[in-house]
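This report refers to the structure that appears directly beneath it.
The values are calculated or read from the model by the stated rules, or taken from the named source; none is laboratory data. Fair warning: this is a prediction, and the values are worked out from it, not measured in the lab. A quick note on method: Cβ atoms are made from the backbone with ideal geometry, for glycine too, and the neighbour counts reach across all protein chains shown. Ligands, DNA and RNA are stripped out before the accessible areas are found, and what is left, the full protein with its side chains, is counted by its heavy atoms. Shrake-Rupley method; radii C 1.70, N 1.55, O 1.52, S 1.80 Å.
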Amino acid sequence: MTTQDALTDVRGLRVGHAQRTGDDRPGWLSGTTVVLTPEGGAVAGVDSRGGAPGTRETDALDPRNVVERIHAVVLTGGSAFGLDSVAGVMSWLEEQGRGVPVGSHPAQVVPVVPAAVLFDLGRGGGWRSRPDATLGREAVEAASRTEPGAPVRQGNVGAGTGAVVGGLKGGIGSASTVLPSGVTVGVLAAVNAAGSALDPATGVLYGEMWDGRPPRVPGSAAHEEAQRRLAQAQQETGRRSAGVLRPPFNTTLAVVATDAALTRAQAQKLAGTAHDGLARGVRPVHLMHDGDTVFALSTGERPLEGTELNDVLAAGADGLTRAVVKAVLAADSVDGPGGVFPSYRDLYARPAAGSEGPAVSGSA
């Protein structure tokens with residue numbers, strides 16, 4: 001079976017991005033990503049960790065509460081202001097008649113759209129340049145236009161547009177695996193962390209220590225030069241953003257999905273164990289100024305058998321580790337009024353994500 005090594009390998013899920021950058025609108029470096037479920041919705045769970053989450057509709061996903069299925073997930077920049085983007089997604093879903101029926105007419109629905117935000121305010125130079133309902137609508141419309149199983153754009157797109165991880169440019173990354181049973185597990189991540197994705201002693205990406213292959217270790221001279229350039233970029237960023245509030249708020253967001261039939265409690269467990277994969281790829285993680293949030297989705301196409309839930313949980317964690325690596329390798333450097341954010345590829349002369357062949361997923 002041909003796969004994209006991406007979230008969209010879970011049949012029925014679609015991904016759309018919308019973003020603004022200084023290239024098309026001065027002051028901007030932010031965006032929104034929407035994961036659109038099949039028309040009947042998907043079973044969902046969530047797990048938020050760290051001290052600064054910014055979320056919407058996460059209480060609705062508690063297995064004790066009434067909502068059985070959700071209709072989209074929004075990952076967005078803009079900190080709490082970015083939650084405005086959800087309104088655009090909900091209005092589009094309502095027009096399609098997709099939501100929880102609440103009246104006698106088919107058009108009387110309320111879409112359930114959980115969302116989480118990451119902090120990228122001011123990184124494009126404009127403090128008020130953040131996602132709104134218009135950008136959210138663009139992202140969900142982009143998702144609706146994609147073909148089933150389409151590749152997922154990665155790097156500086158959607159919620160990853162203004163993402164930064166440990167001073168490096170972060171972004172969107174996605175990965176998937178097919179278990180021996182045929183169950184698919186896919187992950188999408190917007191990597192934006194206070195911690196680092198690379199070992200400062202060697203330059204090795206932490207996540208590559210877990211993918212089943214020997215990690216690519218940069219030469220000592222190349223690593224020393226990369227660290228010098230990174231420190232220089234961080235100093236320049238501080239100088240350029242002196243007039244903009246820059247607290248160390250960050251947050252990595254992710255969606256882990258499967259076509260296995262999960263209960264709401266099992267989906268919540270999947271969201272929780274996936275955080276193990278994030279902890280492998282970013283160190284330190286879940287800090288007081290991170291609001292790391294993982295959503296889990298189940299389309300329910302394949303029944304679970306025996307202890308297969310454990311395999312799904314392990315694959316979700318492994319997939320999130322790989323998605324972090326792919327996000328860092330897909331990101332492009334940014335040099336703008338809000339700061340200088342070099343990419344790992346530019347610092348270490350690495351190829352883009354996906355050009356080195358598939359990784360072998362490790363164990364949980």
All positions within the stretch 200-215 that are in contact (Cβ under 8 Å) with a residue 24 or more places away in the chain and out of contact with any Asp or Glu (no Cβ under 7 Å at 6 or more places or on another chain) = Pro200, Gly203, Leu205, Gly207, Glu208, Met209, Trp210, Asp211, Gly212, Arg213
query = If we scan the stretch 245-256, do we find a residue that is assigned to a helix (DSSP H, G or I), at pLDDT 95 or above and either of a type in the set (Val, Ile, Thr) or open to solvent by 70 Å² or more (accessible area, probe 1.4 Å) (or both)?
reply = no
The listed residue being modelled with pLDDT of 95 or more and within 19 Å of Ile172 (Cβ to Cβ), out of Ala274, Ala267, Ala260 = Ala274
request  = Could you check, for the stretch 194-210, whether at least one of its residues is charged (D, E, K, R), over 23 Å from Leu29 (Cβ atoms) and not in a helix (DSSP H, G or I)?
outcome  = yes
task = Name the single residue, out of those in the stretch 288-322 being touching an Asp or Glu at 6+ places or on another chain (Cβ under 7 Å) and in a strand (DSSP E or B), that is least open to solvent (accessible area, probe 1.4 Å).
result = Val294
query = If we scan the stretch 176-199, do we find a residue that is open to solvent by 20 Å² or more (accessible area, probe 1.4 Å), of a type in the set (Asp, Glu) and under 26 Å from Arg228 (Cβ atoms)?
reply = yes
note = Cβ pairs under 8 Å, 6+ apart or interchain, first in the stretch 311-326 and of a type in the set (Asp, Glu), second open to solvent by 10 Å² or more (accessible area, probe 1.4 Å) and part of a helix (DSSP H, G or I), ordered by first then second residue, are Asp318/Trp210
